[in-house]
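Student: One structure, pasted below without further comment.
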Amino acid sequence: MVSATKKAILAGFILSLLAALGIIIAVAFGSKNIPLSTVIDSIFNYEDVLDMQVVRNGRIPRALAAILIGGFLGISGAMMQGVTRIPIAEPSLMGITQGATFAVALVSINPDFYAMTENTFAALAGSATSGGLVLLFSMQNPRNMSISRFVLAGTALGTFFISLASTLSILSNRTQELAFWVAGGLRSATWDSVAMLAAAGGLCSLAALFISGRINIVNLGEDMAISLGERPGVVRFMAMILIIIICSVSVSVAGNIAFIGLIVPHIVRSFVGENYKLIMPLSFLGGSVLLIWADNAARLLNRPYETPVGLFTSLIGVPIFIWMVRRNS
Amino acid sequence: MGRKTFVILIITAAVLSASIIFSLSSGSYSLRLDEIIRTLIGRGNPLSNTIVMQLRLPRIFIAILVGASLSTAGCILQSILGNPLAEPGIIGMNSGAALAVVLLISSSSSAYYDSIGIYTMMLLPIASIAGSFLVTALIYVLSVKKGANPARLTLTGVGISAGINAFIALYQLTMSKGDYNRALTWISGSLWGSNWLFFGIIAPAAAVSIGFAMYNSKLLDVIRLGRETAVGLGVDVDKKQKSLLGIALVLSAASTAVAGNISFLGLMGPHIANRLVGPVHIRKIPVAAGISSVLILLADTASRTMFSPLEVPVGITVSILGVPYFIYLMLKEA
Amino acid sequence: MNSNTFKKIITTTILAGLIVFTFTGCSSSGSPNENDSQAETRIVTDAKGEVEIPANPQRIVDISGNSDIFHILGYEVIGTANSDAYDYTKYPSYLEDILKDAAILGFSMQDTMDIEGILALDPDLIIISNVQEKMYQQLSDVAPTVMIEMAQIDWIEDFKKVASVMENEDAAEAWLVDYRQKATEAGESIKSNHGEDSTYLSFLASGGQIYIFDGAGLGSILYDDMGLSKPAGMPEQTNISLPVVTYEGLASIDADFIFAVGTPDDLAALTENPVWNSLEAVKNNNVVELPASPYFIQGYSSIGRALFLNEVEGLIDGISN
């Protein structure tokens, strides 16, 4: 146990370094060539000129959003795997992010809805719906949940919401915009979105850390948890509420970014073992690192154009997913 | 085969016929039933002839073919994967077809139009069949580890298709709007533009494969009971599994070639059939095929008439109808 | 129904379909109304080969998105797919008067169309683009169908293709000469009033992304037709899809005047963005905001382009006062 904690501290340190390096690159480089001195000035010696605006209001909030969203996806994946005891559970495989995507599509297409709600609330409503359904499935028979059945249910939910969103986009001639929503990306991150992410998502992530001990108990199995005096249904419900909020703020800013919540907790687990008190904070850091580096690749590989960031997370995610499937069964 | 099965078969056939008539008589050009009948027996005017014989009828026949093929593929997969929720679309068999089509449209949109006639029409279907085969082979290879464990096959399929979707997004985002819409129609699954030529090419493959599945219905029954039982009964499960998977692939690839990706159809028909006539495949396959055909016919009729002059791809309509049923199944059977 | 009869019908139809297919391009004589207007025919060569079309077509259905060109050439179509890019049930505002008697059959940038609606109009000539190739055969059974292969960027080429199909190159050339002259005049006038070397940028803002009009749409009117200067740092357009950049990419483009096209929501998001607000052109109030409907699609239409020329100077004068 001691060695796991030590390992965790070391891993946390390395991940923080990587994240910091990622942020520096994200702020220093971009599609516009800005001298390094200007970049530094824009942080410490700010003037209202275009280059400094680009750094200050373009690159910095985007980098922070990547850190936060990556972390949120990582921690919510870890939580989901803990309470469902399914090692490949993940918000985008479960259809939760697609529910939010559909809601965002609905709002973007219909100006009347847009006036009523902002994207965030729409995303919240959408992911609450799909998250609620996932919750129902996972509550149904927690002792005997088959993994492939769970994943198929998620795929079906995802397909359903994307179908609804496609119908909307076809009827309003916005098909290609839909592709951008589905593909996800951080290009529209602003300081406002960072503030919103930090407030709502940050609070929920903290709350998640508080219940990590109870997630440990649920993760032992239904009967064991009950005999230890825990009520697994309650923990599962709390975790799901947190996941829903975290996912919806993430999707409202960055769309549908897959696989981070799947691979990061898994790699973390192989280092520190089945202790969610360690897995969850480290998954946050690991998610941050993965997303900021993926986004750096997305922004810089084909300047001035962007590559969809989901391509990079999938390129890393799919092989690891398949390797896990082969190893686990 | 009991009287009950016979009655249910008759009822399914009757509902199917009613759906055909309904579909034949709906469209933006309104034709009365007597005009349609006159056209069917060869006494229509040139316009009604084209609309009934060249537009609506081939589309209906292809819908039925696709419904029956996907439903049979679903029956096979549910049996050999031991998973009542397996289905060609969901386990990723079609994702390769989608990728092939997107690559073709985005890479060669001008070269594609240079050649004339039959070849350009057939290029997308051929590419999609090739794509389905390659990706299914990849899924199979990746999931083989001391035999192909059904759960692993399913999960690998889901993972591969999620990855392929990320690649598709990369190409889709840089396509022109016209190309993008073509790709979307295809990927979502649409019976748009069906003609007799497609029917003539796909029908034999589908008929042979469905026949093969019916012929092997006992085998499907045994494998459904579980690997151990099947081995105990002297069945070479691994070998049979491979050939049955091959049949499911042919059925799914054939329908994808003419209609694009249509998910859930292979799920709903077999499940409803299961509740009506039970799990024995010799009864289940034909009833399921009939039910899936009815579903796709009605969904397609809605797709082409509801938002006229625009069409919603039928695959989308099927998903919107199919998922609630799927969720219901999950909640009930989990 | 007797299953034998049914089988016969199917087999015959399949065979018929195959035969017709093999001989695509040969005219189908089964047109519904054979009277004097159809008597004279001529042969044109299209992307599919040779087609025999009426010399003087009366009922033209165009779903290739070129109905405005037909108007310029002196034909009024009875069915069109030149619908508004944001609402397929309406005509774009600049074509409302011209198309008001034509039925909307779809949107030209989609491959699905109301095919029964086309047939119901009883056309004597159907024009489709390569996007709609899938229905070529079914349409050509009913009326002579010409498939126009749309150029990737060059709208003049499309214009001339339509003119050559209709054998009306003279009218097309006259219109183009007039258009070019108007464009040069507008360009010169803007140059003399707003600086010889001023640079101009036009883009569509959509969902946080900036679609730059370079070789197509409004951009090609400004640069190719009016001869205005491109700003430094422009991404180059190589095919029909517009280059897409982020705000940072937009900040790398140094333009004196900007035409920002977008929906009300997108324009609101744009004007709230701090990077946008520190662009030189924005600080100097040199931005023309244009609604996405119709201006996005207007730059792709010949009539739309001509109308834009009429108003472009007023738009720029309007902001610089």
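The values are calculated or read from the model by the stated rules, or taken from the named source; none is laboratory data. Worth saying up front: this structure is predicted, and the values here are computed from it rather than measured. When we count neighbours, we look across all protein chains shown, and the Cβ atoms used for this are built from the backbone with ideal geometry, even at glycine. With ligands, DNA and RNA removed, areas are computed over all heavy atoms of the protein, side chains included. Shrake-Rupley method; radii C 1.70, N 1.55, O 1.52, S 1.80 Å.
Student: Cross-link partners among lysines for C:Lys161, C-alpha distance below 22 Å, same-chain residues fewer than 8 apart left out?
Tutor: In chain and number order, the partners are B:Lys177, C:Lys48, C:Lys134.
Student: Round to the nearest 0.05 the FRET efficiency obtained for A:Ala207 and A:Ser270 when R0 = 25 Å and r is the Cβ-Cβ distance. Could you put the intermediate results ahead of the total?
Tutor: Details: r = 26 Å, r/R0 = 1.05.
So the FRET efficiency works out to roughly 0.45.
Student: Based on alpha-carbon positions alone, could you give the equivalent ellipsoid semi-axes of the range A:4-328 from the gyration tensor, as √(5λ), descending, whole Å?
Tutor: Numbers: eigenvalues 205, 122, 57 Å².
So the three semi-axes of the range A:4-328 are 32, 25, 17 Å.
Student: Compute the distance in nm between two label points, each set 7 Å from the Cα along the Cα-to-Cβ direction, one at A:Ile226 and one at C:Glu52.
Tutor: The answer from the label model is 8.3 nm.
Student: Accessible area drop of at least 20 Å² (1.4 Å probe, protein heavy atoms): which residues of the range A:43-71 qualify, relative to the chain alone?
Tutor: Correct list: A:Asp48, A:Leu50, A:Gln53, A:Val54, A:Asn57.
Student: Further, regarding this structure: What do you get for Rg/Rh of the protein assembly as shown when both radii come from the Cα atoms and Rh is the Kirkwood radius?
Tutor: Details: Rg = 29.8 Å, Rh = 30.1 Å.
Answer for the protein assembly as shown: 0.99.
Student: From Cα pairs below 8 angstrom and at least 6 apart in sequence, can you work out the relative contact order of the range A:236-305, rounded to a whole percent? Intermediate values should be presented prior to the final figure.
Tutor: Values: 22 pairs, mean separation 15.8, N = 70.
Normalised by residue count, the contact order of the range A:236-305 is 23 percent.
Student: Let me ask you something else. Highest mean first, what order results for C:212-218, B:38-44, C:313-319 on Cβ atoms within 10 Å?
Tutor: Values: C:212-218: 23.9, B:38-44: 15.9, C:313-319: 14.0.
Going from most to least packed, we get C:212-218, B:38-44, C:313-319.
Student: Continuing with the same structure: Give me a single rounded figure for C:125-137: the average over its residues of other chain Cβ atoms within 10 Å of their Cβ. Let's see the in-between values first.
Tutor: Working: counts 0, 0, 0, 0, 2, 6, 8, 3, 6, 10, 4, 4, 8.
The mean count of partner-chain Cβ atoms within 10 Å per residue comes to 4.
Student: On a full-extension model of 0.36 nm per residue, what is the gain between A:Ile25 and A:Leu315, subtracting their alpha-carbon distance, rounded to one decimal in nm?
Tutor: Working: separation 290, 0.36 × 290 = 104.40 nm, distance 2.12 nm.
Full-extension gain reported as 102.3 nm.
Student: I've got another one for you. Any idea of the total accessible area buried by the B-C contact, 1.4 Å probe, rounded to 100 Å²? Write out the running numbers ahead of the final one.
Tutor: Numbers: alone 15810 and 15470 Å², together 27170 Å².
Rounded to the nearest hundred, the buried surface is 4100 Å².
Student: Another one. What accessible area per residue comes out for the range A:239-322, rounded to a whole number of Å², with a 1.4 Å probe?
Tutor: On the way: 2320 Å² over 84 residues.
Computed with neighbouring chains in place, this is 28 Å² per residue.
Student: Tally Lys and Arg at +1 and Asp and Glu at -1 over the other residues with C-beta under 15 Å from the C-beta of C:Ser206: what net charge comes out?
Tutor: On the way: positive: A:Arg174, A:Arg187, B:Lys177; negative: A:Glu177, A:Glu306, C:Asp265, C:Asp266, C:Glu289.
The answer is -2.
Student: Here is a further query. For chain B, what does the accessible surface come to per residue with a 1.4 Å probe? Please give it in Å². Mind dumping the intermediate values first?
Tutor: Numbers: 11810 Å² over 334 residues.
Accessible area per residue, chain B: 35 Å².
Student: For the range B:236-334, what is Rg from Cα atoms divided by 2.2 N^0.38 Å, rounded to two decimals? Please list the in-between numbers first.
Tutor: Details: Rg = 15.3 Å, N = 99, 2.2 N^0.38 = 12.6 Å.
Output field value: 1.21.
Student: Okay, next question. Taking the solvent-accessible surface of protein heavy atoms with a 1.4 Å probe, what is the per residue accessible area of the range C:179-286 in Å²? Working shown, then result.
Tutor: Details: 3740 Å² over 108 residues.
Per-residue accessible area for the range C:179-286 comes out at 35 Å².
Student: Could you tell me the accessible area of A:Asp192 in Å² (1.4 Å probe, neighbours in place), rounded to the nearest ten?
Tutor: Its accessible surface works out to 120 Å², give or take rounding.
Student: Tell me, what % of the accessible area of chain C is carbon and sulfur with a 1.4 angstrom probe?
Tutor: C and S atoms contribute 50 percent here.
Student: Okay, moving on. Please report the relative contact order for chain A, taking Cα pairs under 8 Å with a sequence separation of at least 6, and give it as a percent rounded to a whole number.
Tutor: Details: 525 pairs, mean separation 103.2, N = 329.
Relative contact order here is 31 percent.
Student: Considering Cα pairs under 8 angstrom that are at least six residues apart, work out the relative contact order of the range B:3-333 and quote it in whole percent.
Tutor: Values: 485 pairs, mean separation 102.9, N = 331.
Worked out over the range B:3-333, it gives 31 percent.
Student: Roll a 1.4 angstrom probe over the protein heavy atoms and tell me the percent of accessible area of the range A:176-329 that is carbon or sulfur. Could the numbers behind the result be given before it?
Tutor: Details: 3880 of 5570 Å².
Roughly 70 percent of what the probe reaches on the range A:176-329 is carbon or sulfur.
Student: Now for a separate question. Rounded to the nearest 20 debye, what is the charge dipole size of the range A:222-329 about its Cα centre when +1 sits on each Lys and Arg Cβ and -1 on each Asp and Glu Cβ? Display every interim value, and only then the final one.
Tutor: Working: 8 positive and 6 negative charges, 41 e Å.
Charge dipole of the range A:222-329: 200 debye, to the nearest 20.
Student: Divide, for the range C:40-106, the radius of gyration over alpha carbons by 2.2 N^0.38 Å, where N is the residue count.
Tutor: Cα-based Rg divided by the globular estimate yields 1.21.
Student: Picking from B:Ser23, B:Ser308, B:Ser190, which is most flexible by a Gaussian network model of chain B using Cα springs under 10 Å?
Tutor: B:Ser308
Student: Another one. Considering only protein heavy atoms and a 1.4 Å probe, what is the carbon-and-sulfur percentage of the accessible area of the range B:3-333?
Tutor: Working: 7900 of 11580 Å².
Result for the range B:3-333: 68 percent of the exposed heavy-atom area is carbon or sulfur.
Student: Sticking with this one: May I ask you to derive the FRET efficiency for C:Glu272 and A:Leu301 from their Cβ-Cβ distance with R0 = 41 Å, giving the value to the nearest 0.05?
Tutor: Details: r = 29 Å, r/R0 = 0.71.
Efficiency computed from Cβ-Cβ geometry: 0.90.
Student: Report, as a whole number in µm² per second, the diffusion coefficient that Stokes-Einstein gives for the range B:3-333 at 10 °C and 1.306 mPa s using the Kirkwood radius over alpha carbon pairs. Kindly include the intermediate steps, with their values, before the conclusion.
Tutor: Numbers: Rh = 20.4 Å.
Result for D is 78 µm²/s.
Student: Something else about it: Tilt of helix A:260-272 relative to the longest C-alpha principal axis of chain A, in degrees (0 to 90, nearest 10)?
Tutor: So the inclination is approximately 60 degrees.
Student: Roughly how big is the B-A contact, given as buried accessible area in Å² (both sides, 1.4 Å probe, nearest 100)? Before the final figure, lay out each step's value.
Tutor: On the way: alone 15810 and 15340 Å², together 27000 Å².
In total, this chain pair buries about 4100 Å².
Student: If one takes the longest principal axis of the Cα atoms in chain A, at what angle in degrees, from 0 to 90 and to the nearest 10, does the Cα axis of helix A:276-300 lie?
Tutor: 30
Student: Related question: Summed for both chains, how many Å² of accessible area, to the nearest 100, are buried between C and A with a 1.4 Å probe? Write down the numbers at each step before the final one.
Tutor: Values: alone 15470 and 15340 Å², together 28590 Å².
Chain pair C/A: roughly 2200 Å² of buried accessible area.
Student: Further question: The range B:22-37: which residues show an accessible-area loss of 30 Å² or more, assembly versus chain alone, 1.4 Å probe?
Tutor: Buried by the other chains: B:Ser28, B:Tyr29.
Student: For the range C:93-243, state what percent of all Cα-Cα pairs lands in each successive 10 Å bin, counting from 0 Å until the bin that includes the largest distance.
Tutor: In whole percents, the pair-distance histogram is 9, 27, 34, 21, 8, 1.
Student: In addition: Local charge sum around B:Gly278 (other residues, Cβ-Cβ under 12 Å, Lys/Arg +1, Asp/Glu -1)? Kindly include the intermediate steps, with their values, before the conclusion.
Tutor: Values: positive: B:Lys4, B:Arg224, B:Arg275, B:Arg283, B:Lys284; negative: B:Asp221.
With Lys, Arg at +1 and Asp, Glu at -1, the net is +4.
Student: Give me the percent of DSSP beta bridges within the protein assembly as shown that run antiparallel, rounded to the nearest 5.
Tutor: Values: 14 of 37 bridges.
Taking every DSSP beta bridge within the protein assembly as shown, about 40 percent pair in antiparallel fashion.
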